[in-house]
Amino acid sequence: MIVDRHTKKIICAAYSKGRKHDFKLFKQSNTHIHPSIKTQVDTGFQGLQKVHGNTEIPKKRSQKNPLTKEDIRYNRRILSERVIVENVIREPKIFRINAEIYRNRRKKFGLRLNLIAALHNRAIDLNLK
């Protein structure tokens, strides 16, 4: 999902059949982000910086390269700003559409996901959230 951090609205929701890596799903969705827009993503989007230069991704540690104190501060700054977005992404999971196995007709999944996103956005417009 693409979420506007300031308005807390869901802009775009992509999905696929079965499990799929976040970045692979992003590439297949053909979603284009304007180069001037700053994006903050989680570590599931490694490689997005090659496609979109204005991207902030938390640094990953490895056994050979532990994180420095500066890297830890960088990650905390990004993650503290992403909490707002993660809380918005949680909304469709309340409706159980993304949290569990979807047992209804597959053709209707995209429609239902977009309807839930629209309900969320409308609730924000009406100041219900």
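Accessible surface calculations at 1.4 Å, restricted to protein heavy atoms, place the chain at 76 Å² per residue. Between HIS34 and HIS6, the simple label model (points 7 Å from Cα in the Cβ direction) yields a spacing of 1.1 nm.
Averaging the sequence gap over all C-alpha pairs within less than 8 Å and six or more residues apart, then dividing by the number of residues, gives the chain a relative contact order of 26 percent. The alpha-carbon of LYS20 sits under 17 angstrom from the alpha-carbons of these aspartates and glutamates, leaving out residues fewer than 8 places away in its chain: ASP42, GLU100.
How charged is the neighbourhood of ILE78? Take every other residue with its Cβ under 15 Å from the Cβ of ILE78, and add Lys/Arg as +1 and Asp/Glu as -1. Its environment carries a net charge of +3. Computed from the Cβ-Cβ distance with R0 of 35 Å, the FRET efficiency linking ARG73 to LYS107 stands at 0.15. Residues whose amide H lies under 5 Å from that of GLN40, counting only those 5 or more places away or on a different chain, are GLU56; hydrogens are built 1.01 Å from N in the peptide plane. Computed extension length for GLN49-LYS93: 13.0 nm, one decimal, from 0.36 nm per residue of separation with the Cα-Cα distance subtracted. Residue-normalised convex hull volume from the C-alpha trace of the chain: 136 Å³ per residue.
Share of carbon and sulfur in the accessible area of the chain stands at 51%, probe radius 1.4 Å.
The values are calculated or read from the model by the stated rules, or taken from the named source; none is laboratory data. The model shown is predicted, which means the values in this text are computed figures rather than measured ones. Counting neighbours? That spans all protein chains shown, and the Cβs are built from the backbone with ideal geometry, glycine included. Keep in mind that these areas ignore ligands, DNA and RNA; they rest on the heavy atoms of the full protein, side chains included. Shrake-Rupley method; radii C 1.70, N 1.55, O 1.52, S 1.80 Å.
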